[in-house]
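Take a look at the structure set out below.
The values are calculated or read from the model by the stated rules, or taken from the named source; none is laboratory data. Source: prediction; values computed, not measured. For neighbour counting, all protein chains shown are included, and Cβ atoms are generated from backbone atoms with ideal geometry for every residue, glycine included. When the accessible area is computed, the model is the full protein with side chains, heavy atoms only, and any ligands, DNA or RNA have been set aside. Shrake-Rupley method; radii C 1.70, N 1.55, O 1.52, S 1.80 Å.
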Amino acid sequence: MFDHMDTRCVHGQLDPSFAEQTKAVSFPIYQTATFAHVRLGESTGFDYTRESNPTREHVEEHVAALEGAAAASAFSSGMAAVSACFELFAPGDHIVCSEDLYGGVIRLFDNISKKNGLTISPVDTSDLGAVEAALTPATKALYIETPSNPMMNIADLDACAALCHDRGLLLIVDNTFLSPYLQNPIDHGADIVIHSGSKFLAGHNDTIAGFLCSATPELGAKITLINKTTGAILAPFDSWLVMRGMKTLAVRMERQQSNAAQVAQWLTTRPEVTNVYYAGLPDHPGHDINARQARGAGSMISFRTSTVELAHRVLDNVRLITFAESLGGTESLITYPALQTHPDVPPAVREHLGITDTLLRLSVGLEDVSDLIADLTQALRA
Ligand SMILES: *Cc1c(COP(=O)(O)O)cnc(C)c1O
């Protein structure tokens, strides 16, 4: 495997066997449902696309290479990946999770996982004492996002891993916000890394995908079984889109992060803005931990306006920045978490977390940073 992340983004782990057949530089899309058997009892290794497909296998190896994982499985969405991950558990199992999480995951817990007999305890995972206090004899896993969505709280990966491994728990980390280019949780003791491939990995706001990366081949085999059996696999064309997106992951992340650092700094100077949540700012409470475990703070920023009217005004008046859900793509997007990503979270919980009607979340894209700042300036004033 290549040592340098930039090279890994472009090449994944080179697979000479495929390259030798046709010399195609871009890996082919094997748009087929099924594969002919060579003869009775002999297969090419590919039989049926739900079980395995060369294009999907290629993107899985690529993601595994970026995360330093033993294996990765590709799913039809990030939520399909999260749901499959929860098939590892059985009724009666208890899971401790970050209280500030992607809204869809909270909806999964409340509407599906609980019905299936799992109990979930949301805690502030930036507070290790709180995590420890939530553990019970039935606890099987700790599920975290760092930075968390949308409040950008930072959890200490090494400390969480130590706590989990002392007790035989799985550490599951959703690494969507930083991407493997900026953070590799497995290097810090995570057992499973989740990605919504719809975000930075694909990177162009043009497809939906998800991944589960496993630290060990044993865990990888369990997840492969769940993937091909429950069937929410990633289609060949979407696998190819993610693969193409990842070739430019390094340059996109660098530019988006440098844009975001400038926008975050600029937001701190605005009288209309009362709080800026970005782990790259020196006064962010998780700044030092993030700097230790990640290679940057990424390109996601949340901020709070001084009034609700101002937040609505920004959403109405942005021109270059698009008012839309999602993140991580070439286009800058602004989101209203209270109504868009977290509407299914009970109001009291949202209030406790700080996901109120003055909070905005910005995914900084690849536009020129001066155009982004000009757009926010006019939107705040308009
Ligand atoms: C988007 C997202 C998901 C869900 O992924 P989908 O591809 O939309 O299903 C999960 N976790 C995080 C942090 C996300 O941003």
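Taking the charge dipole of the range 91-229 about its Cα centre, with +1 at Lys and Arg Cβ atoms and -1 at Asp and Glu Cβ atoms, the residue from F200, A138, I112 reaching farthest to the positive side is I112. For the range 146-156, 3J(HN,Hα) computed residue by residue from phi via the Karplus equation (6.51, -1.76, 1.60; θ = phi - 60°) reads 8, x, 8, 10, x, 8, 6, 6, 10, 9, 7 Hz, glycine and proline entered as x. Among T305, T268, the sequence by solvent-accessible area, most first, with a 1.4 Å probe is T268, T305.
Across q = 0.18 Å⁻¹, the range 1-157 modelled as identical point scatterers on its alpha-carbon atoms has Debye log10 I(q)/I(0) values of -1.12, in the order of the q list.
For the range 301-317, backbone phi angles converted through the Karplus equation (6.51, -1.76, 1.60; θ = phi - 60°) give residue-by-residue couplings of 10, 10, 8, 10, 8, 5, 9, 5, 4, 5, 4, 5, 4, 4, 5, 6, 10 Hz, Gly and Pro being listed as x. Partners of K114 within straight-line reach, counting aspartates and glutamates whose Cα lies under 13 Å from its Cα and excluding those fewer than 8 residues away in the same chain: E87, D93.
With contacts taken as Cα pairs under 8 Å at a separation of at least 6 residues, the chain carries a relative contact order of 18 percent.
Counting every pair of alpha carbons in the chain, the share spaced more than 32 Å apart comes to 32 percent.
Here the Karplus relation 6.51 cos²θ - 1.76 cosθ + 1.60, evaluated at θ = phi - 60°, turns the backbone of the range 53-58 into coupling constants of 8, x, 5, 5, 4, 5 Hz, with x for every Gly and Pro. Database remark: amide H of T274 closer than 5 angstrom to the amide H of R304, T305, S306 (H placed geometrically; neighbours at sequence offset of 5 or more, or on other chains; Pro and chain starts carry no H).
Rounded to the nearest 500, the helix-only mean residue ellipticity at 222 nm of the chain stands at -11000 deg cm²/dmol, with each DSSP H run of n ≥ 4 adding -39,500 (n - 2.57). Here's the picture: charge each Lys and Arg Cβ at +1 and each Asp and Glu Cβ at -1 in the range 249-381, and of A264, G329, P285 the one pushed furthest to the positive end of that dipole is P285. Taking the DSSP bridge list for the chain and keeping only pairs wholly inside it, about 55 percent are antiparallel. Residues whose amide H falls under 5 Å from that of I120, counting only those 5 or more places apart or on a different chain, are I95, with hydrogens built in the peptide plane. Ranked by the mean number of other Cβ atoms within 10 Å per residue, highest first, peptides 310-317, 238-245 order as 238-245, 310-317.
Which values of log₁₀ I(q)/I(0), to two decimal places, follow from the Debye formula for the range 220-377 at q = 0.09 Å⁻¹ with a uniform point scatterer at every Cα? After summing over all Cα pairs, the log10 values are -0.37. Amide H contacts under 5 Å for L170: A141, L142, restricted to partners 5 or more places along the chain or on a different chain, H placed in the peptide plane at 1.01 Å from N.
Placing unit charges on each Cβ (+1 for Lys and Arg, -1 for Asp and Glu) gives the range 169-241 a dipole about its Cα centre, and among N184, A209, L225 the Cα reaching farthest toward its positive end belongs to L225.
Net charge dipole, the chain: roughly 560 debye, given to the nearest 20, about the Cα centre with Cβ charges of +1 for Lys and Arg and -1 for Asp and Glu. If R0 is taken as 51 Å, the Cβ-Cβ distance between A24 and T322 corresponds to a FRET efficiency of 0.90. The listed residues Y336, Y30 rank as Y30, Y336 when sorted by accessible area, largest first, using a 1.4 Å probe.
Each Lys and Arg Cβ is given +1 and each Asp and Glu Cβ -1; about its Cα centre, the range 249-381 then shows a dipole of about 220 debye.
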